[in-house]
Amino acid sequence: MDPITLLTVVVLAVFVGFEVVSKVTSKLHTPLMSGANAIHGIILVGAIIVAGQAGDPWLLTIALIAVVLATANLVGGFVVTDRMLEMFGGRKPARPAAGAGKDGK
């Protein structure tokens, strides 16, 4: 594909992605984000495959940088998703003070 076609595909993907995500209700953002993180794992697998087949040192360097960035994005996404899910859990009951009896006195 020529660069103009690739640029066109990227621009259209940005517009479609923006329109799709902006229509999602706030309750579905967490599962959507978790699913996007799982899909991003495919990019990590692809980067590992490219790094394994690289013969040129520059290609190997770029592939290893891609592996590191994809791993950071994958792990960070799941950490953020976990924190968001904790926000839906509600408040935990307060712990009684040390030395207090069962009735809190």
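So the values come out like this:
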quantity	calculated
Tally of residues being in a helix (DSSP H, G or I) and open to solvent by 70 Å² or more (accessible area, probe 1.4 Å) across region 22-49	11
Considering residues of region 53-96 that are among the β-branched types (Val, Ile, Thr) and modelled with pLDDT under 85 only, the residue farthest from Ser34 (Cα to Cα)	Val80
Count of residues meeting criterion [touching a residue at least 40 places away in the same chain (Cβ under 8 Å) and of a type in the set (A, V, I, L, M, F, W, C)] in region 24-55	2
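The values are calculated or read from the model by the stated rules, or taken from the named source; none is laboratory data. It should be emphasised that the depicted structure is a prediction, and the values quoted were computed from it without experimental measurement. FYI the Cβ positions are ideal-geometry reconstructions off the backbone, even for glycines, and counts take in every protein chain you see. These accessible areas exclude ligands, DNA and RNA; they are computed on the full protein's heavy atoms, side chains included. Shrake-Rupley method; radii C 1.70, N 1.55, O 1.52, S 1.80 Å.
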